[in-house]
1. Against the conditions (1) within 15 Å of ligand 1 (Cβ to nearest atom); (2) in contact with a Leu (Cβ under 6 Å, 6 or more places away or on another chain), where does GLY167 fall short? Just the number, please.
2. State all residues of the range 87-122 that are out of contact with any Asp or Glu (no Cβ under 7 Å at 6 or more places or on another chain) and either within 16 Å of ligand 2 (Cβ to nearest atom) or of a type in the set (D, E, K, R) (or both); if no residue qualifies, say none.
3. Find the helices (runs of 4 or more DSSP H) located wholly in the range 177-286 whose residues include 2 or more that are away from ligand 1 (no atom under 16 Å from the Cβ) and among the aliphatic types (A, V, I, L, M), and list them.
4. Take the residues in the range 196-214 that are more than 15 Å from ligand 2 (Cβ to nearest atom) and hydrophobic (A, V, I, L, M, F, W, C); name whichever of them is surrounded by the most Cβ atoms within 10 Å (Cβ to Cβ).
5. Given the options ARG102, ARG111, name the one that is among the charged types (D, E, K, R) and within 21 Å of ASP152 (Cα to Cα).
6. Suppose we keep only residues that are of a type in the set (Lys, Arg) and farther than 19 Å from ASP97 by Cα within the range 128-160. Which one would you say is farthest from the chain's Cα centre (by Cα)?
7. Within the range 336-393, track down each residue that is among the charged types (D, E, K, R), over 15 Å from the mean Cα position of the chain (by Cα) and not in a helix (DSSP H, G or I).
8. Condition (residue is more than 20 Å from CYS73 (Cα to Cα) and part of a strand (DSSP E or B)) applied to the range 142-158: is it met by at least one residue?
Amino acid sequence: MPLNAAGGKRRLPPSNHQGVNMLNRLPSSISALLEARADGHSLPAGLYTREDVFEADIDVFFHKHWICVGLDCDVPEAGDATVIDIGKTSLILLRDDDGDIRVLHNVCRHRGSRLLDAGTTIVSKLVCPYHTWTYELTGELSHAPHMGKDFDKACHSLKPVNFKSIGGLIYVCLSDNPPDDIALLEQTMAERLAPYDIRNAKVAYQTDVIEEGNWKLTIENNRECYHCSANHPELCVSFVDLDFGFDPETLSPEDREQAEEHFRLYDEKTKAWEADGFPSAAVEQLSDCATNFRTQRLIISGAGESQTHDATAASSRLLGHMTRKDLGDTHLWGHNSWNHFMGDHALVSIVIPLSAGKTLVRTKWLVHKDAVEGVDYQLDKLTDVWIATTDQDADLVARSHAGALDPAYQPGPYSRFSETNLDKFASWYIDRMRAHGY
Ligand code: FES
Ligand code: FE
């Protein structure tokens, strides 16, 4: 995998430990921290640990970029509603009486009270608990007692949020100027996700894990599999850790031959899948862009069907219109999510920062809407691998964050074989912060 040649001027690693420590401890500006980042290295500690950077990150990456917040199938029926909190912002994702998805700000237009509490609920109207202003599921204000005859309800609808459902994944952008380079993601994934019909899938299970670390460490951890063989015995049954890069010199001659064979197989499989009408080649937009994503149809190893303990399908009822279990794993990364779409089920993980050192990882396991637990799938088999993997990753992220808080922390070199995507992510992060004035 080629080493990223990120744009902008090249920064050399800080040459002495003391200089880095001073940056960690002294009240330097965010801009100075960005400037101090050396190419090919992890970020200066303050970019992971400081609360002022967390506030800036929320503003830049979670308000001014497109983020994945949920799924159409989180709210399958009219009146289903779920609340998603991002920083100080609270959103209501709901399905209205016409069956359309709406995303509304959870802020009453009277004096601002939250309408719904965190979690999922069923509503026929949105009634503010404070003075009972009542909104239709479209967001229109229908009842506002004691406001006088001349009060114009039409001017006090709940504020809508700019959103897109891309193949059943809900992306929102809280800015009035959402980046338009989401077009490539939209076009690519609408086609790739169509056979899985994620829009009409069922959320079979969901976990919320709070990682004791910065959201960028969560994303960095997800973008490499350097750590997989040492930490994810369950995932490694189906996931090939070499897929995201390796140093051929490190491998024994036998392992090197096996790796070469694996990449020959990729060429073969990708061609065969594409010939059958399933787009599979990698598409990525990771540098010089606002909307950061990568997708590729990956080979599942072993039995080749699904990310389960034995790599066979967990659900006998396949997703959507899928008729085959041998179509690998369509993976999709965004800057706040990772996803795996397989024949029998899909895994969707959404990352929401809670503070500089706490990050919510919300994971959903999706199956066909009519798949029945205990009949078509066993919940344990469906969820075991990624529950274990998510816990293992939470531990790794906490370790990373604790290290970044230590005065001895110094940004370290990314492997130019297996961590090139981290270098791209860190460079994209710096570029986007600068693009927004930091
Ligand atoms: Fe909502 Fe008064 S704040 S009705
Ligand atoms: Fe991991």
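Just so it is clear, none of the values below were taken in a lab; they were calculated from the coordinates. No experiment lies behind these values; they were computed from the predicted model shown. Cβ sites come from the backbone with ideal geometry, for glycine too, and all protein chains shown count toward neighbours.
1. (1)
2. The answer is LYS88, ASP96, ASP97, ASP98, ASP100, ARG109, ARG111, ARG114, ASP117.
3. In the range 177-286, the matching helices (runs of 4 or more DSSP H) lie at 183-193, 215-222, 253-275.
4. ALA201
5. Details: ARG102 fails: within 21 Å of ASP152 (Cα to Cα).
It is ARG111.
6. Of the range 128-160, the ones of a type in the set (Lys, Arg) are 149, 153, 159.
Of the ones still in play, those that are also farther than 19 Å from ASP97 by Cα are 149, 153.
On the way: LYS149: 47, LYS153: 37 Å.
Checking each candidate, the answer is LYS149.
7. ASP344, LYS358, LYS369, ASP370, GLU373, ASP376
8. Yes, there is a match, as at least one residue in the range 142-158 is more than 20 Å from CYS73 (Cα to Cα) and part of a strand (DSSP E or B).
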